[in-house]
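Report on the following structure.
Where a number appears in this text, it was derived from the coordinates with a stated rule and is not lab data. Because the structure is a prediction, the values reported are computed rather than measured. Backbone-built Cβ (ideal geometry, glycine too); neighbour counts: all protein chains shown.
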């Protein structure tokens, strides 16, 4: 019988085990670093705000049937759906998921800045809004080494 099975049940997920031969057996799940937890929380806020925005968008489109509003709604729904899907796949912990999130959030930041520039509303208070601040924070959190190690741990 292996050394990890000789431990009491409550201790199986307590961390590494050193059997008699000196090998390390990791029986517990690796803890998610604070950077990854923060990124996941910010992405959850993005999805929540996106769903509220989509509800407002549906009401605006239903009352006016203005086709330019439809383009904005498709973009907002696509981003919200994609970020929600990334959250669903979060525990897969693959490097590809990490880089897909960083790429998507980068596109969101660039699109938000372009929309502000086109509408001639590119000011500091608007630039530091949740449309750019949340994605930038997610990018920074996921580019930290601790998050990289955690995502590589799932492969």
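Couple of notes before you dig in:
- Distance from the Cα centroid of segment 70-96 to that of segment 101-152 is 14 Å (rounded to whole angstrom).
- Report note on the peptides 138-147, 123-132: ranked by the mean count of other C-beta atoms within 10 Å, highest first, their order is 138-147, 123-132.
- Once the Cα-Cα distance is subtracted from the 0.36 nm per residue extended length, the residue 110 to residue 96 segment shows a gain of 2.9 nm.
- Cα coordinate range in segment 34-152, projected on the principal axes (Å, largest first): 48, 30, 19
- When each of the peptides 48-58, 83-93 is scored by how many other beta carbons lie within 10 Å of its residues on average, the order from highest to lowest is 83-93, 48-58.
- Taking 0.36 nm per residue of separation and subtracting the Cα-Cα distance, full extension of the segment from residue 52 to residue 31 would add 4.4 nm.
- Multiplying the residue separation of residue 140 and residue 121 by 0.36 nm and removing their Cα-Cα distance gives an extension gain of 4.3 nm.
- In this simple spin-label approximation, residue 103 and residue 67 carry label points 7 Å from Cα along the Cα→Cβ vector, and these lie 3.2 nm apart.
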